[in-house]
Each structure stands twice: as C-alpha cells, then as structure tokens.
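The values are calculated or read from the model by the stated rules, or taken from the named source; none is laboratory data. Source: prediction; values computed, not measured. With ideal geometry, Cβ positions are generated from the backbone for all residues, glycine too; neighbour counts draw on all protein chains shown. Remember, those area values only see protein heavy atoms, side chains included, never the ligands or the DNA or RNA. Shrake-Rupley method; radii C 1.70, N 1.55, O 1.52, S 1.80 Å.
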Amino acid sequence: MFTLSGVLMYLMRGGRYGPTGAALGRRHTHTTLNRGGTLVAMVKRIIPPLTCDLHKGQAGRVGVIGGCDEYTGAPYFAAISALRLGADVSHVYCTQGSSTAIKSYSPELIVHPILDSHSAVADISQWLERLHSLVIGPGLGREAQLLSNVKGIITKAKEMKIPMVIDADGLFLVTKEPDLIRNYKKAILTPNIAEFGRLFEAVLGQKPDPMEVVDNVSRLSRALGNVTIVQKGENDIISDGTNVLVCCAEGSCRRCGGQGDLLSGSMGTFLHWAYLAVDSNIECQSFATYGPTVSAAYAACLLARECNRLAFRKHGRSTTTSDMVDALPLAFEQLFD
C-alpha cells in the first residue's frame, strides 16, 4: 500500500520512488498537494457551462455496460453518478434478469435488458453512435457469454472511437485479453490494488515492484500503448505512461461496496466533457499537458473523494455509497462552482 508520505518522498527524489533509481521517462508528475489549485482550475475549464441554448444530450449521453442477476447495484451507481454529475441521459445495458431491479432503483435511467442475448453486440452497436462515452464492467459478472458479448462491444466501440472507462469485471476481461484494449488511447482503466497486480503480471510477466508504486502504473500504461490507468487506493495514481497525477485529496476510511462505481460513472461524464474541450480548443496549459483522459480521471477521483468525505462527515461508520451519491451535488459545488 502506498501512503501519502511515500508519494511525497517520491516527489522529493525528483520523480523516483524507492531505491532502484530507475529513470522513469515522464515529463510531469504532480499531486493534489503540490499543484492542487492549478489542477482544479484545469477541471473547471473542461466543465461545459449551462446555457439556455443547450438541448437534451449535449451535456452527455453515457452508456453503462454491465448488470447481471447477482449484481444490480453496481450499474445503477455508475449510471446515476454519471447523471447526477451532469450528463443528460444515462443508459444501462444489462441482462434480462437484472433489468427489473435496476429499473426499480430510479426512473431516471434508461435500461436495456439485452446484454445476455445472442444478438447483444449487434443490438447495442445500433445505440453506440448515439452515445458519447461508455462505462464498461460494473456488475458485469464473469459468465462466458457476457464476456464474449462485451468483447464484441468494445471492439465495435473502438472502431467508432468512443471514449470508454473500464472497471470491475471489464478489467477481468482485459486481464485475460490485453490486446483488446492495447493502444486504444481513448480508454481509461480503473483497477484497485488487487486488479492492478493481476493486470500488471498478465501484461508484463512479473509482479509489480512494491517499492516503485508510481513507476508501476506508468510502466503498465506504456506496455499497453499509453492507455490511461488509474490505480485506486489510499492515493489514486493516474498515468498515461508519460505524465502522472496523484490524487491524494481527503476522503475517509470508509470502504463500502459501490464507491468504485460512483467513480467510474462520474469519470464517464468527465471523459465526454474532456473530449468536448478538445473539440472546442480550450486555452488551458495544464489540459494541453495532461490531455483528456488523464484530466477526466483526475477530476473524477477528486470528486469521488469529496463525496466520500462529505458523506462520512454526516454518517460516519454507517456511510454507504447511496449517501455518497446524495453528496455529489454539494461535492461538485464545493470543488468546481
């Protein structure tokens, strides 16, 4: 586990972490502490303004791919977080057996019970051109037919150049088949410590070095063709293989299930906004440096931590992810408004 003191030691050593002294080859490494104000300003620049001439969908149409009979909460948390952050429309593509439960959680979500059908790839592909980003994996499960369908959906989404966040059992699929996502720079992978270790070993053929926690993330990113990776933990390490951001904002010690789904869902919205900022040619040096995927990942990590902090302040040990979703509007206001 990497600690805040460890990350700060990494920075004090000029971008090296641990005793090896290996050259990391990165241009920029910053944290919430040493460049927090600049990074928040960068996030503010990519958030689209609310104006009266907008129409439904422009602020984001996000698709969540996941939801099986055992796991119905995860896709809900991802989809509702994308929506509550500011996306206009949030779709969930799930199995037939999970759809009624997911629909019952909120009338705000559009639920498609087609993920386990034999025509799922073709059926969902018809929707892809309407979506701005995908969040793949929440509540997906590991049933062979589902994984095969999701593989086809990822392949089609890549052809259409749709930005995507891959989490949870989506990462299980990528760990089995790293070439599925290799070199696709519009993707963000969001592994926790255990998922990161398995993916690192699958791609690089060795376990990550516990003394080189920051470099591990950059190495894995480069090995995957500079796909952006967020290693979630006490501090969130984000890298595209060249740049590194470490989000060490205050959260809480509470680790209930569903927090990663809040993160991935909000990241899906931020990812769309970041690519809107690219298309708009916004003037922001930090954004030009880090690019849309790293910037969106940092924004979502910062927001999720603030949701955690606010919810824990109110509910303490009994805090749940539902409490964190309820805290999202205030968290956004305090960070970015």
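Do we have any residue at all in the range 234-255 that's in contact with a Phe, Trp or Tyr (Cβ under 6 Å, 6 or more places away or on another chain) and among the acidic types (Asp, Glu)?
no
Among the residues of the range 280-295, are any farther than 22 Å from Asp167 by Cα and either touching a Cys at 6+ places or on another chain (Cβ under 6 Å) or aliphatic (A, V, I, L, M) (or both)? Walk me through it before giving the result.
Our first condition is that a residue be farther than 22 Å from Asp167 by Cα; within the range 280-295, this holds for 280-289.
From what is left, the residues that are either touching a Cys at 6+ places or on another chain (Cβ under 6 Å) or aliphatic (A, V, I, L, M) (or both) are 282, 288.
Checked the range 280-295: at least one residue is farther than 22 Å from Asp167 by Cα and either touching a Cys at 6+ places or on another chain (Cβ under 6 Å) or aliphatic (A, V, I, L, M) (or both).
For the range 195-208, indicate whether the set of residues that are farther than 14 Å from Ala297 by Cβ and in contact (Cβ under 8 Å) with a residue 40 or more places away in the chain is non-empty.
no
Mind telling me which of the residues Ser99, Ser106, Ser119 ends up being farther than 21 Å from Ile166 by Cβ and either acidic (Asp, Glu) or open to solvent by 50 Å² or more (accessible area, probe 1.4 Å) (or both)? If you could, list the steps in order and put the result at the bottom.
Working: Ser99 fails: either acidic (Asp, Glu) or open to solvent by 50 Å² or more (accessible area, probe 1.4 Å) (or both); Ser106 fails: either acidic (Asp, Glu) or open to solvent by 50 Å² or more (accessible area, probe 1.4 Å) (or both).
Within the list Ser99, Ser106, Ser119, the selection yields Ser119.
How many residues does the range 198-215 hold that are in a helix (DSSP H, G or I) and farther than 15 Å from Leu171 by Cβ?
Initially, the range 198-215 is screened for residues in a helix (DSSP H, G or I), giving 198-204, 213-215.
Restricting the remaining residues to those that are farther than 15 Å from Leu171 by Cβ gives 204, 213-215.
So the answer is 4.
Just to be sure, is Gly258 touching a residue at least 24 places away in the same chain (Cβ under 8 Å) and buried (at least 24 other Cβ atoms within 10 Å of the Cβ)?
Working: touching a residue at least 24 places away in the same chain (Cβ under 8 Å): yes; buried (at least 24 other Cβ atoms within 10 Å of the Cβ): no.
No; evaluated as a whole, the condition is false for this residue.
Within the bounds of the range 221-232, is there any residue that is open to solvent by less than 30 Å² (accessible area, probe 1.4 Å) and more than 23 Å from Gly170 (Cα to Cα)?
no
Identify all residues within the range 122-151 that are open to solvent by less than 20 Å² (accessible area, probe 1.4 Å), more than 17 Å from the chain's Cα centre (by Cα) and not aliphatic (A, V, I, L, M); write none if there are none.
Listed by number, the residues that qualify are Gly141, Asn149.
Being at pLDDT 95 or above, assigned to a loop (DSSP other than H, G, I, E, B) and surrounded by fewer than 22 Cβ atoms within 10 Å (Cβ to Cβ) narrows it down to one residue among Pro48, Pro19; which is it?
Numbers: Pro19 fails: at pLDDT 95 or above.
That would be Pro48, the only listed residue that is at pLDDT 95 or above, assigned to a loop (DSSP other than H, G, I, E, B) and surrounded by fewer than 22 Cβ atoms within 10 Å (Cβ to Cβ).
Let me spell it out: the conditions are (1) open to solvent by less than 10 Å² (accessible area, probe 1.4 Å); (2) under 20 Å from Pro329 (Cα atoms); (3) in contact with a Pro (Cβ under 7 Å, 6 or more places away or on another chain), and Gly66 meets all of them except one. Which number is the exception?
Going through the list (1) open to solvent by less than 10 Å² (accessible area, probe 1.4 Å); (2) under 20 Å from Pro329 (Cα atoms); (3) in contact with a Pro (Cβ under 7 Å, 6 or more places away or on another chain), Gly66 breaks only (2).
Please identify the pairs in which a residue from the range 157-185 that is under 20 Å from Lys232 (Cβ atoms) and of a type in the set (Ser, Thr, Tyr) has its Cβ atom under 9 Å from the Cβ atom of a residue that is at pLDDT 95 or above and not in a strand (DSSP E or B), counting only partners at least 6 apart or on another chain.
Partner pairs satisfying both residue conditions: Thr175/Pro191; Thr175/Glu195; Thr175/Arg198; Thr175/Leu199; Thr175/Glu201; Thr175/Ala202; Thr175/Val203.
Out of the strands (runs of 3 or more DSSP E) lying entirely within the range 101-189, which hold 1 or more residues that are farther than 15 Å from Ile229 by Cα? Before you say what the answer is, go through the steps one by one.
Values: elements: 110-112, 133-136, 164-166, 187-189.
The strands (runs of 3 or more DSSP E) meeting that bar are 110-112, 133-136.
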